[in-house]
Amino acid sequence: MTEFESSPLGNQLADKVRRRRRLEAHTSPLPEQTRIFTVSNQKGGVGKTTSTVNLAAALSRRGARVLVIDLDPQGNASTALGVEHRPEVNSIYEVLLGESSFADTIQQATDNERLWCIPSTINLSGAEIELVSMVAREQRLKSALDEYLSEHPEAFHYVFIDCPPSLGLLTVNAFVAATEVLIPIQCEYYALEGLSQLLNNISLIERHLNPKLAVSTILLTMYDPRTNLAQEVAAEVREHFPEQTLETKIPRSVRISEAPSYGQTVLEYDPGSTGALAYQEAAAEVAARWAARVSQEEGQ
Ligand code: ATP
Ligand code: MG
């Protein structure tokens with residue numbers, strides 16, 4: 001071993017090379033039916049949007065066709081995917097109101113040719129109130145998505161719905177439309193606060209509106225291995241959710257937070273960064289865990 005290889009920087013580089021080789025050595029299995037994830041946590045700023053766009057980009061780069069539905073009036077997922085979301089653009093708002101079809105709102109994302117987005121515009125900020133008086137107000141996203149998927153069953157391997165930081169009607173629509181919930185948890189103090197309320201809501205939805213819904217995936221975000229707190233939070237989450245928590249932890253990284261201001265995912269902005277690598281590893285895990293579950297169920 002050279003002096004460089006045994007230095008901390010040398011170790012880091014060697015570790016990255018090892019991880020990259022491991023990723024390249026395995027292809028990701030594609031699901032036979034569209035997997036529909038809602039990415040949710042009513043806490044703000046925990047990495048919902050960042051995880052949505054980067055996991056979606058990573059899966060599409062691994063061969064899947066992926067749709068991101070931006071269900072947050074802030075429109076951050078639309079920004080990060082480089083799609084048009086001026087108020088005049090057809091968006092998820094018009095879909096929810098029944099004024100526009102899915103087909104008329106889908107836009108190609110800039111990251112790669114297998115990634116699409118239904119944008120959100122500022123108009124969506126009124127939707128929580130407008131939906132209240134509407135027929136089947138909890139089912140509107142599901143109806144539109146199901147209709148599109150029944151006409152285009154091969155369109156997407158994955159759909160990710162990016163939720164706003166609240167448990168209002170928009171998030172309820174996402175829970176009703178999805179089959180899986182992905183909860184990003186920030187490795188910081190108070191990380192688990194509010195989680196039981198989220199889980200309660202999910203189980204209410206499961207009982208009354210969507211029996212197929214389950215929390216399949218928990219992703220630890222903004223992890224800083226130098227702090228004891230981050231390690232403690234990660235251990236506690238794993239203890240509570242051993243099945244759901246991905247092995248991969250997303251590190252706190254400046255490159256991840258810079259990417260959206262260029263209308264890019266971190267995979268496009270800095271493909272060699274540790275953040276891009278971590279999201280690719282998380283995506284590979286999301287695909288592999290599903291395949292393992294399916295083959296286990298088939299074996300039973
Ligand atoms: P909101 O609740 O407002 O929708 P959110 O849960 O979608 O927020 P993000 O917007 O993804 O959270 O992230 C919040 C902030 O943290 C953003 O500025 C984002 O760029 C930054 N961020 C997210 N993940 C990381 C990371 N791994 N490292 C550094 N910064 C990050
Ligand atoms: Mg967000």
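Does E247 satisfy being without any contact (Cβ under 8 Å) to a residue 40 or more places away in the chain, away from ligand 1 (no atom under 14 Å from the Cβ) and not in a helix (DSSP H, G or I)? Outline the logic, then answer.
On the way: without any contact (Cβ under 8 Å) to a residue 40 or more places away in the chain: yes; away from ligand 1 (no atom under 14 Å from the Cβ): yes; not in a helix (DSSP H, G or I): yes.
Yes.
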Q: Report yes if some residue within the stretch 262-271 is more than 22 Å from R62 (Cβ to Cβ) and hydrophobic (A, V, I, L, M, F, W, C); otherwise report no.
A: no
Q) When you go through L59, L30 one by one, which is the residue that is aliphatic (A, V, I, L, M), more than 15 Å from the chain's Cα centre (by Cα) and surrounded by 14 or more Cβ atoms within 10 Å (Cβ to Cβ)? A) L30
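Just for the stretch 116-160: of the residues that are exposed (fewer than 13 other Cβ atoms within 10 Å of the Cβ) and closer than 24 Å to G75 by Cβ, which one is modelled with the lowest pLDDT?
Pass one, the stretch 116-160, residues exposed (fewer than 13 other Cβ atoms within 10 Å of the Cβ): 126, 129, 132-133, 135-136, 150-154.
Subsequent filtering for residues that are closer than 24 Å to G75 by Cβ retains 126, 129, 132.
Numbers: G126: 92, I129: 92, V132: 89.
Top of the filtered list is V132.
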Q: Restrict the check to the stretch 62-77 and report whether at least one residue is surrounded by 24 or more Cβ atoms within 10 Å (Cβ to Cβ), among the hydrophobic types (A, V, I, L, M, F, W, C), at pLDDT 95 or above and closer than 15 Å to A282 by Cα.
A: no
Q | strands (runs of 3 or more DSSP E) fully within the stretch 117-235 counting 3 or more residues that are among the acidic types (D, E) and within 16 Å of ligand 2 (Cβ to nearest atom) | A | none
Q: List every residue pair whose Cβ atoms lie under 8 Å apart, where the two residues are 6 or more positions apart in sequence or sit on different chains, the first residue falls within the stretch 29-53 and is at positive phi and modelled with pLDDT of 95 or more, and the second residue, located anywhere, is among the β-branched types (V, I, T) and within 8 Å of ligand 1 (Cβ to nearest atom).
A: G47/T221; G47/I250
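The values are calculated or read from the model by the stated rules, or taken from the named source; none is laboratory data. Owing to the predicted nature of the structure, the values given are computational and were not obtained by experimental measurement. Glycine gets a Cβ as well: all are built from the backbone with ideal geometry, and neighbour counts include every protein chain shown.
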